[in-house]
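Data first, discussion second: the structure below is written as structure tokens.
The values are calculated or read from the model by the stated rules, or taken from the named source; none is laboratory data. None of these values were measured; they are calculated from a predicted model. Virtual Cβ from ideal backbone geometry, glycine too; neighbours counted across all protein chains shown.
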Amino acid sequence: MEKTVKVLATLDKRVGAKLVPDYLQDLTPEEEYAAAREHRQLMPSGQRPSGMGRPTKRQRRALEEFFEEGR
């Protein structure tokens, strides 16, 4: 997703993440957010079901191989 923001003010020093929205205006079209939500629903999250534990070495290698093919 590509976000578009307008910088309202520059800062001389770092601020906490909660204060960042005070200095930015989000100009991203709603269509971008809708497309990102749709894409997220279609793609698997990569999380394992609860109670499955850690993947074995064999499963981990298969997952790594699968995700390398997608790049």
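Arg48 fails exactly one of the following numbered conditions: (1) in contact with a Pro (Cβ under 9 Å, 6 or more places away or on another chain); (2) under 19 Å from Val5 (Cβ atoms). What is the number of that condition? With respect to (1) in contact with a Pro (Cβ under 9 Å, 6 or more places away or on another chain); (2) under 19 Å from Val5 (Cβ atoms), Arg48 is out only on (2). For Arg54, the criteria (1) part of a helix (DSSP H, G or I); (2) touching a helix residue (DSSP H, G or I) at 6+ places or on another chain (Cβ under 9 Å); (3) of a type in the set (Lys, Arg) hold in every case but one, which is (1).
Given the condition under 16 Å from the mean Cα position of the chain (by Cα) and surrounded by 11 or more Cβ atoms within 10 Å (Cβ to Cβ), answer yes or no: does some residue in the stretch 42-58 qualify? No, there is no match, as no residue in the stretch 42-58 is under 16 Å from the mean Cα position of the chain (by Cα) and surrounded by 11 or more Cβ atoms within 10 Å (Cβ to Cβ).
One line per residue, one yes/no per condition, for (1) charged (D, E, K, R); (2) under 30 Å from Glu64 (Cβ atoms); (3) outside any loop (DSSP other than H, G, I, E, B):
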| site | (1), (2), (3) |
| --- | --- |
| Asp12 | yes, no, no |
| Val15 | no, no, no |
| Lys18 | yes, no, yes |
| Pro21 | no, no, yes |
| Thr28 | no, no, no |
| Glu31 | yes, no, yes |
| Arg37 | yes, yes, yes |
| Arg40 | yes, yes, yes |
| Arg48 | yes, yes, no |
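Whenever a residue of the stretch 42-71 is of a type in the set (D, E, K, R), its partners that are modelled with pLDDT of 70 or more and not in a loop (DSSP other than H, G, I, E, B), lying with C-beta atoms within less than 9 angstrom and at least six residues away or across chains, give the pairs Arg54/Arg60.
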